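Below is one structure; the comments refer to it alone.
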Amino acid sequence: MPLQVGTTKLRFFMEHNPPPRHRRSIRLPGYNYAQAGIYFVTICTLGRECLFGAIEEAGAEDADLLLSEFGEVAWKCWQEIPSHFPRVELDSFVVMPNHVHGILIFDEKEITLAESQPDLTLETFGRPVPESLPTVIRSYKSATTQRINSYRETPGQKVWQRNYYEQIIRNDEVDAHSAIYCQ
């Protein structure tokens with residue numbers, strides 16, 4: 001029996017379409033990322049493309065990063081975080097050629113709705129938690145992406161990898177370790 005065009009397309013699709021992969025979250029299950037705390041964050045560019053500058057090597061220990069205009073955008077947007085999220089204070093921060101490291105301190109001054117109601121502290125798709133770490137990082141990535149794409153005249157192009165790395169800093173030892181990346 002000869003195959004029909006529609007059947008061929010369906011058969012090809014079924015044979016060459018593996019099941020979707022489900023990414024495992026690296027977030028701490030059940031942890032309230034809106035609560036007061038200190039977070040060490042690393043965010044990488046898409047494909048680890050060196051958008052933010054280049055290392056000028058004067059010697060192994062004297063190397064400097066020469067920021068590109070996109071690196072300047074990454075720096076400025078990070079500095080603007082507290083103006084959008086008053087509970088968040090900035091600590092150490094560094095821009096590298098293809099990623100950024102930073103330490104964010106979520107202050108205890110204000111108790112937010114997200115902190116006072118436990119059922120609102122778990123972020124799900126389409127339901128972000130106000131003033132939480134994921135919301136701050138999402139805002140930062142969005143702002144830098146929009147500005148960089150404006151400079152490049154490439155609306156809608158991705159700048160960042162899908163996720164980010166975060167470490168909850170629980171004591172001075174970890175704080176000191178994390179600050180090493182940012183100096």
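Quick note: the coordinates plus some simple rules give every number you see, no bench work behind them. Every value quoted in this text rests on a predicted model; they were computed, and no experiment measured them. We place every Cβ from the backbone using ideal geometry, glycine too, and count neighbours over all the protein chains shown.
Distance between the pseudo-spin-label points of Ser150 and Glu108 (7 Å out from Cα toward the beta carbon): 3.8 nm.
Shown for Tyr151, Tyr33, Tyr39: other C-beta atoms within 10 Å of each C-beta, ranked fewest to most, produce the order Tyr151, Tyr39, Tyr33. If the chain linking Ser83 and Arg48 were pulled fully straight, counting 0.36 nm for each residue of separation and taking away their Cα-Cα distance, it would gain 9.8 nm. Close amide H contacts of His99 (hydrogens built in the peptide plane, cut-off under 5 Å, sequence separation of 5 or more or a different chain): Thr45.
Fewest to most neighbouring Cβ within 10 Å: what's the order for Lys158, Lys141?
Ranking Lys158, Lys141 by Cβ neighbours within 10 Å, fewest first, gives Lys158, Lys141.
Taken along the Cα-to-beta-carbon direction at a fixed 7 Å, the label points for Arg138 and Ile168 span 2.0 nm. Each of Gln157 and Glu56 was given a label point 7 Å from its Cα along the Cα-to-Cβ line. The distance between the two points is 2.6 nm.
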